[in-house]
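Notes follow once the structure below has been shown.
Derivation of every value follows stated rules applied to the coordinates shown; laboratory data play no part. What you are looking at is a predicted structure, and each value in this text was computed from that prediction instead of being measured. Note that each Cβ is placed from the backbone with ideal geometry, even for glycine, and that neighbours are counted across all protein chains shown.
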Amino acid sequence: MIAVQTGFLPSRTRAVTVLATRPRPAVPASPRHRVWAGLLLLCALLPASARAQTDKVLNLYTARHYQTDEALYTNFTRKTGIRVNKIEAGEDALLERVRSEGRNSPADVFLTVDAGRLWRAEQLDLFEPLQSPVLEARIPAQLRTPERTWFGFSTRARVIVYDRRTVKPAEVANYEDLAHPRLKGRLCIRASNHVYNLSLMAAMIEHLGAAGAEQWARGVVANLARAPRGGDIDQIRGVGAGECDVAVVNTYYYVRLMKSDRPEDRQLMERVALTFPNQASFGTHINVSGGGMLRTAPNRAAARLFLEYLASDEAQIYFADGNNEWPAVASAAAKNPELASLGKFKAESVNIGVLGRNQPLAQKILDRVGWK
Ligand code: FE
C-alpha cells in the first residue's frame, strides 16, 4: 500500500534542463509562463549557496510510519521553514519506486530500516555521499558508511527470546547456542531471505569467518521446530504456543509486546525472557534505521538540513522512540521505560556497511544450507 501525498513542486533541476533543450514555442508564452521561466532562469544563474536558501520543501521517501514522526516533521518545519512532503510505503515498494523513477524522482531523502536494504539502495547508486561535519560529529563511525552514503539514526538488536520454563538463559547466551544439538527441534526463526536474517548472517560471516558461519547456519537449520513462517512477533508467539522454546527477534518487537495491553500478550511476556547474545565475545548483532540524500535530490540543501536535524538530540528521541529503538547519538536519552528495562549490553563493533557488503555471500550460504 502506498500512501501518496500529492503536491510536489516541480523539480527546479529538471525544469532548467527542459528550458535549455526544448525548441522555442511557436506561440508567445503566456505571462504566467514568462514568470515561471524567469524564476527558473534566476535559479539557474544564482550561485549554489544562494539557491540552497530557496529550498522550502523536502521530499521524503520513508518506510517509517510512526505517530512520533509527525512531531519530528513539524519541529523540522518550525525550525527551518522547510515543509516536509512525505511518501510512505513498504520498505521494498519504496526502494523499487525510487529506483524506477530514476533521474526524475522528486525524492530528496530516503529512509528505511536495516543495513541490508540501505546497502541495496547504495548498490543501485541511489545515494549521494554527504560530507557533513554535523553528521560526522554526532553519528558514531560504526553507524555510517565510510563513503558517507547513508547514516544510521537509531539502532535495534537481534536477540534470543526463550521460554523461561524450559530454557536456562545460560543455554542461549550466544548465537552459537542456536546451532547446538540440545536445541534440536526447538527453534523458531523467520525465513532466510528476510533482510533481518541476511544481516545477521552477514554479521556472523564477519565474526566466525565464512566457513564457520556456514557451519553455524547448518546447525540452526537442523534445530528448526517448524518451516520458517511469519514475522518476528510470530516467532515469539510460537514460543507462547509451545511450538518452540527459543526464537530470534529484533528488540523493538519484544518491546512492542511488553507495551501491549492485550491479556494474551501480557501472558506471553510473562512466559518469555531474552538474552543479548555473545556478551563475553563479539557482542550482540545490531542494525539500524537510517537513510541518506539521494543522488537526484532536487532540494539538496533541505536534504542536508533534514539529515543533520535527525541527528539532533530532540529529533533522535522522537526517531528512536517511534519504533522503540535506541538513539544512534549517545547524548539523546529517550524516555522509554520498557526499552530501558532491557538494560545495557555489549553490541558488536562491525561497521554497518560490512553488513551490506556481506549480504550476497550470506544469501549464498543460507541457500546452500537449505534455510528456507
Ligand atoms: Fe521490523
If amide hydrogens are placed 1.01 Å from N in the peptide plane, which non-local residues have theirs closer than 5 Å to the one on Thr284? Lys346, Ala347, Glu348
Rounded to the nearest 500, what is the chain's calculated 222 nm mean residue ellipticity when only DSSP H runs of at least 4 contribute -39500 (n - 2.57) each, over all residues? -13500 deg cm²/dmol
Calculate the spin-label point distance for Ala330 paired with His180, positioning each point 7 Å from the Cα along the beta-carbon direction, and give it in nanometres. 3.3
Residue order, fewest to most beta carbons within 10 Å, for Trp216, Trp119: Trp216, Trp119
Each label point is 7 Å from the Cα along the Cα-to-Cβ direction; what then is the distance between the points at Ala340 and Arg229, in nm? 4.1
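Could you give the size of the charge dipole of segment 202-346 about its Cα centre, using +1 on the Cβ of each K and R and -1 on the Cβ of each D and E, expressed in debye and rounded to the nearest 20? Present the calculation step by step, with values, prior to reporting the outcome.
Numbers: 15 positive and 16 negative charges, 45 e Å.
Using only the charged Cβ atoms, the result is roughly 220 debye.
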Mind telling me which of Ser331, Ser341, Ser132 comes out most flexible in a GNM of the chain, alpha-carbon contacts under 10 Å? Ser341
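Once fully extended, how much extra length lies between Thr77 and His194, figured as 0.36 nm per residue of separation less the alpha-carbon to alpha-carbon distance? Present the calculation step by step, with values, prior to reporting the outcome.
Working: separation 117, 0.36 × 117 = 42.12 nm, distance 3.52 nm.
Once the chain is fully extended between Thr77 and His194, it gains 38.6 nm.
Exposure proxy check: Thr149, Thr166 ranked by fewest other beta carbons within 10 Å? It would help to have the intermediate numbers written out before the result.
On the way: Thr149 22, Thr166 14.
Going from sparsest to densest Cβ surroundings: Thr166, Thr149.
Suppose every Lys and Arg Cβ carries +1 and every Asp and Glu Cβ carries -1, with no other charges. What dipole size does the chain come out with about its Cα centre, to the nearest 20 debye? Can you show the working numbers first?
On the way: 49 positive and 37 negative charges, 195 e Å.
Taking the Cα centre of the chain as origin, the dipole is about 940 debye.
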Name the residue, out of Lys184, Lys86, Lys344, whose mean-square fluctuation peaks in a Gaussian network model built on the chain with Cα pairs under 10 Å. Lys344
List every residue whose amide H lies under 5 Å from the amide H of Val57, counting only residues 5 or more places away in sequence or on a different chain, with H placed 1.01 Å from N in the peptide plane. Arg83
Please state the shape class of segment 232-372: rounded when a/c is under 1.5, otherwise prolate if a/b exceeds b/c and oblate if not, all from the C-alpha gyration tensor. oblate
GNM flexibility winner over the chain from Ala280, Ala115, Ala334 (Cα, springs under 10 Å): Ala280
To make sure I understand, if each residue's beta carbon is the centre and we count other beta carbons within 10 Å, what order do Leu130, Leu118, Leu111 fall in, fewest to most? Leu130, Leu111, Leu118
Quick one: work out the % antiparallel among DSSP beta bridges in the chain, nearest 5. 65
Could you list which residues have their amide H under 5 Å from that of Ser154, counting only those 5 or more apart in sequence or on another chain, with H placed in the peptide plane? Ser289, Ala328
